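> Below you'll find the structure I mean.
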Amino acid sequence: MTDTYLTIQKSAEGLFKDKGSKFFAYAFPITTEEEVKQHITNLKKQHHGARHWCYGFRLGADKKLFRANDDGEPSGTAGKPILNQIISTDLTDVLVVVVRYFGGTLLGTSGLIQAYKTAATDALQQATVVAKYITQTCKVNFNTEVTNLVMRYLKEFDAEIIEHAFDTENEIIFTIRLSYTEKLRTLLKENNINCKII
């Protein structure tokens, strides 16, 4: 099982023009559906003279949550072509919004599909794609004498410490790359150190 997925590092913009219509495309890294609403609200303020704010997004490392919205354009001509560009680049945790200013000439179904697809592609091509890891949160309890050993293992496996309490009974909560979890737990267990997935 792979524990990596691709997303974009920061927002990016694209543009496509056809027969007087302008299609401004915006790609955003997102982690929740709430962020989708926020970005669209902001773009509506920024482009209050536009006709349509169409979008597609995909969320989650498993890529199972996705939506497409035509925002008044003929069904399947805007949201789906945008979403398909996110899917074809294998990205997730990404929102692409294409804002259309109507230029007075109708583009027809195939013209619209091409325009939204091209604008979305342009924005995604301007974005920096990064690989992220699916992580697991764990908790380790240990005695003071093995502190150095525990810290060494955590460093070795690139674990990110979230919180720690050093007292008579030491405890560290950390996140670790999913594919490293079992290896680390096995090593700790061999030293009689309890590590739980939480």
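What follows is calculated from the coordinates using simple rules that are stated; it is not laboratory data. Just so you know, these numbers come straight off a predicted model, no measurement behind them. In this analysis, Cβ positions are derived from the backbone assuming ideal geometry, glycine residues included, and neighbour counts consider all displayed protein chains.
> If you fit an axis through the alpha-carbon atoms of helix 108-126 and take the longest principal axis of the Cα set of the chain, what angle between them do you get, 0 to 90°, nearest 10?
Tilt relative to the chain: about 40 degrees.
> Under the 0.36 nm per residue contour assumption, what length would be gained going from the current alpha-carbon distance of residue 189 and residue 46 to full extension?
On the way: separation 143, 0.36 × 143 = 51.48 nm, distance 5.59 nm.
Extra length available between residue 189 and residue 46 comes to 45.9 nm.
> Could you list the residues of region 18-36 with an amide nitrogen less than 11 Å from a label point located 7 Å from the Cα of residue 105 in the Cα-to-C-beta direction?
Only 18-21 fall inside the zone, counting backbone N under 11 Å.
> Put a dot 7 Å past each Cα toward the Cβ at residue 33 and residue 161; how far apart are the dots in nm?
Rounded to a tenth, the inter-label distance reads 3.8 nm.
> Additional query: Label residue 2 and residue 65 with points 7 Å out from Cα along Cα→Cβ: what is the distance between them in nm?
So the two model labels end up 2.1 nm from each other.
> For the chain, which semi-axes, largest first and in whole Å, follow from the square roots of 5 times the eigenvalues of its Cα gyration tensor? Before the final figure, lay out each step's value.
Working: eigenvalues 457, 43, 28 Å².
One finds semi-axes of 48, 15, 12 Å for the chain.
> Beyond a 32 Å Cα-Cα separation, which of these cross-linked pairs lie in this structure: 64/189; 10/117; 80/139; 10/196?
Beyond 32 Å: 64/189; 80/139; 10/196.
> If R₀ is 35 angstrom, what is the calculated FRET efficiency for the pair residue 90 and residue 143, using the beta carbon separation as r and rounding to 0.05? All intermediate terms of the calculation are to be shown ahead of the outcome.
Working: r = 45 Å, r/R0 = 1.30.
It comes out at approximately 0.15.
> Restricting to Cα pairs below 8 Å that are 6+ residues apart, what does the relative contact order work out to for region 83-198? Please round to a whole percent.
Numbers: 114 pairs, mean separation 29.9, N = 116.
The value is 26 percent.
> Once both axes come from the Cα atoms, what is the angle between helix 181-190 and the longest principal axis of the chain, in degrees from 0 to 90, rounded to 10?
Helix 181-190 sits roughly 0 degrees off the main axis of the chain.
> Taking only DSSP H segments of four or more residues, each worth -39500 (n - 2.57), what value at 222 nm results for the chain once the sum is divided by all its residues, to the nearest 500 deg cm²/dmol? Mind dumping the intermediate values first?
On the way: 5 runs with 63 residues, N = 198.
Helices in the chain give a 222 nm mean residue ellipticity of -10000 deg cm²/dmol.
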